[in-house]
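Quick notes on the structure that follows.
The values are calculated or read from the model by the stated rules, or taken from the named source; none is laboratory data. Predicted, not measured: the structure shown is a model, and the values here were computed from it. Every residue, glycine as well, gets a Cβ built from its backbone with ideal geometry; the counts of neighbours run over all protein chains shown.
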Amino acid sequence: MTIPEIINSYRKVAVYGMSTNPSKHAFIVPEVLLKNGFEIYPINPMADEILGQKSYKSLIDVEQEIEILDVFRPSEQVPDIVREAIERKKAKGDIKVIWLQEGIISEEAERLAKENGFEFVQNKCIKIEFLNFG
């Protein structure tokens, strides 16, 4: 799938590493998505709620269907996050896309994601892509 196809096909986004700090991109980006009709599921073990949305401790804890896993974590943590996504996909059959925000790149994560049937985007801001193509 192309980025415009992803942006226009999916609306249920788990945000791994979503921040409670309104000045951080990991808060601003999902806020824009939320205001534009996306469902946002924050994953932040330090918060109970962000932007009025229940925050989850881990990916497997999210009760709702996830279509896009948007990642705001350092590149070196991403392979383990992809492994969590693989386990969730085996258990729940969801997550179509793993999206790494701008500045986050991992060849290992890309290989793992593609081997397990995920669409994979890295080093791109989902907010910018939505504003361009949504």
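Can you find a residue in the range 62-77 that is buried (at least 23 other Cβ atoms within 10 Å of the Cβ) and assigned to a helix (DSSP H, G or I)? Checked against the condition, which is being buried (at least 23 other Cβ atoms within 10 Å of the Cβ) and assigned to a helix (DSSP H, G or I), the range 62-77 yields no hits at all. Restricting attention to the range 98-107, does a residue exist that is crowded, with 17+ Cβ neighbours inside 10 Å, at pLDDT 95 or above, in contact with a Lys or Arg (Cβ under 8 Å, 6 or more places away or on another chain) and in a helix (DSSP H, G or I)? Looking for residues that are crowded, with 17+ Cβ neighbours inside 10 Å, at pLDDT 95 or above, in contact with a Lys or Arg (Cβ under 8 Å, 6 or more places away or on another chain) and in a helix (DSSP H, G or I), one finds none in the range 98-107, hence no.
When restricted to residues that are surrounded by 17 or more Cβ atoms within 10 Å (Cβ to Cβ), in a loop (DSSP other than H, G, I, E, B) and at negative phi, the range 1-46 contains 5.
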